[in-house]
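Trainee: Quick one: structure below, then a few questions.
Just so it is clear, none of the values below were taken in a lab; they were calculated from the coordinates. This is a predicted model, so every value here is computed, not measured. Quick reminder, even Gly has a Cβ in these numbers, built from the backbone with ideal geometry, and neighbours come from all protein chains shown.
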Amino acid sequence: MSRRPTILLASALAAGLALGACAEGSTGGSERSTPASTEPTLVTAPREARVDLARPTFSNPTEITNPLFPITELTQVLQLGEEAGAALRFEVTLLPETKVVEWKGERVETVVSQFVGYSDGQILEVAVDFFAQADDGSVWYFGEDVDNYKKGVLDNHEGTWLAGKDGPPGMIMPADPQVGDVYRPENVPGFVFEEVTVKSVGETVAGPTGPVDGAIIIQELLMDGLLEDKTFTPGYGEFHFAVPEEKELVDLALAVPTDSRGGPVPAELSAVSTGVEAIVSAASSEDWSTADATLATVTEAWAAYQEGDVPELLAAEMEATIAALADAVGSQDAAATRQAAIPASHASLDLQLQYRAPADVDGDRLGLWEAQLALDSESADKVAVRSDRVIIETIQARLP
């Protein structure tokens, strides 16, 4: 489930071959083949440390109650970060459907979620993931369909696998994780492999709207030998991860309904959104005095909204986009102002997710991406146009 599609398939296959004897329950159903390899064997945990060796039973698999992996409780999750200087954005959305996966003669109904990854505003990855909870409270990963993109074009499906076809399902969260526990969310050597070791439990971390107790810290060994440090928290699930060797760091910015607030969108936040639209209108008619005055109103409204409890990462996102919009207005560049307004509107929608249904917010996001497509088409940016189209189709796919 590692979200790093830039890894070369060849190196992943080679590293995975060294794990050939490490998988339990592989069906051998895949028609894929792997070449011989002289790669060194990965140093995996001793078998006795594993907590995922007993075959799970699934009586009510879509009823996921594990607090550290509350996939059915979260309608949408936003994660923000960076990798080697590129801005990362991940969106995870619960889909209103299930998928039946056949494994060893058993038909297991799984929960389905959509993952979308962006790098510097362009599409990076789209994946559909399948999860089920076993009777003991552990959550199991039954596979994923992955589309990896480069320059707006589908590049490969690396990371795609399905339990029962390619290998066994993998435990993604024990019922009661303890320090030293080892489990494998993905265990199809040669194709996908992750081995997790629980490093700490009972931690308190800073959440989007306050401290969160009961967090666990894990370390994942990946098939290419890299290590990922991750934090999972009750009510959020995957909360933080870092890959130091790749200069990659991602944190959870907001999850709903965990971070939802009652009532309508606050007037100050609405004023930010309507003000940004008014700035675009004024810039289009070269009315820069009105644009300047409206920008001042937007800045005041944002300052007033910030007097409340604003999720830290989303506040930083809003600050940066307003600053970029101010630069564009200050230069009296209509095209630059139109472009700068779109990220500012996206940042506003991210904050509005606390008050509005994700499907409604996604509907407005769709409109912004259509506006972005129009801008990129005007500038003849073919890569951006291709990426915009994929993003539009991806958001449409998760709308009711």
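Trainee: I want the antiparallel fraction of DSSP beta bridges within the chain, as a percent rounded to 5.
Mentor: 100
Trainee: Mind checking the angle between helix 358-378 and the chain's longest principal axis? C-alpha axes, 0 to 90 degrees, to the nearest 10.
Mentor: 70
Trainee: Hey, another quick one. For the chain, what is the relative contact order in percent, using Cα pairs closer than 8 Å and at least 6 residues apart in sequence?
Mentor: 15
Trainee: If each residue's Cβ is checked for other Cβ atoms within 10 Å, how do Val43, Val101 rank with the fewest at the top?
Mentor: Going from least to most buried by this count: Val43, Val101.
Trainee: Give me the base-10 log of I(q)/I(0) for region 76-148 at each q in 0.17, 0.22 Å⁻¹, Debye formula, one uniform scatterer per Cα, rounded to two decimals.
Mentor: Debye output, listed in q order: -0.71, -0.96.
Trainee: Pairs Lys99/Lys382; Lys165/Lys382; Lys99/Lys150; Lys99/Lys199: which are spaced more than 31 Å apart, C-alpha to C-alpha?
Mentor: Pairs exceeding the cut-off: Lys99/Lys382; Lys165/Lys382; Lys99/Lys199.
Trainee: Can you sort Asp259, Asp309, Asp229 by how many other beta carbons sit within 10 Å, fewest first?
Mentor: Final ranking by Cβ density, sparse to dense: Asp309, Asp229, Asp259.
Trainee: Ok, one more. In degrees between 0 and 90, to the nearest 10, how far off the longest principal axis of the chain does helix 382-398 point, with axes built from Cα atoms?
Mentor: Helix 382-398 sits roughly 70 degrees off the main axis of the chain.
Trainee: Can you sort Glu300, Glu73, Glu63 by how many other beta carbons sit within 10 Å, fewest first?
Mentor: By the 10 Å Cβ count, ascending, the order reads Glu63, Glu300, Glu73.
Trainee: Highest mean first, what order results for 158-167, 327-336, 75-84 on Cβ atoms within 10 Å?
Mentor: 158-167, 75-84, 327-336
Trainee: Another question, then. Go ahead and run the numbers for FRET between Thr274 and Glu102, Cβ-Cβ distance against an R0 of 56 Å, rounding to 0.05.
Mentor: Efficiency for this residue pair is about 0.60.
Trainee: Rg and Dmax in Å for region 212-360, alpha carbons only: what are they?
Mentor: Cα only, region 212-360: 18.8, 57 Å (Rg, Dmax).
Trainee: Quickly rank 102-108, 222-228 as a protection proxy: mean count of other C-beta atoms within 10 Å, highest first.
Mentor: Ranked by mean Cβ neighbours within 10 Å, highest first: 222-228, 102-108.
Trainee: Further, regarding this structure: Set Lys and Arg Cβ to +1 and Asp and Glu Cβ to -1, take the dipole of the chain about its Cα centre, and tell me which of Pro168, Thr233, Val329 lies farthest positive.
Mentor: Pro168
Trainee: For region 9-255, what percent of Cα pairs sit more than 22 Å apart?
Mentor: 54
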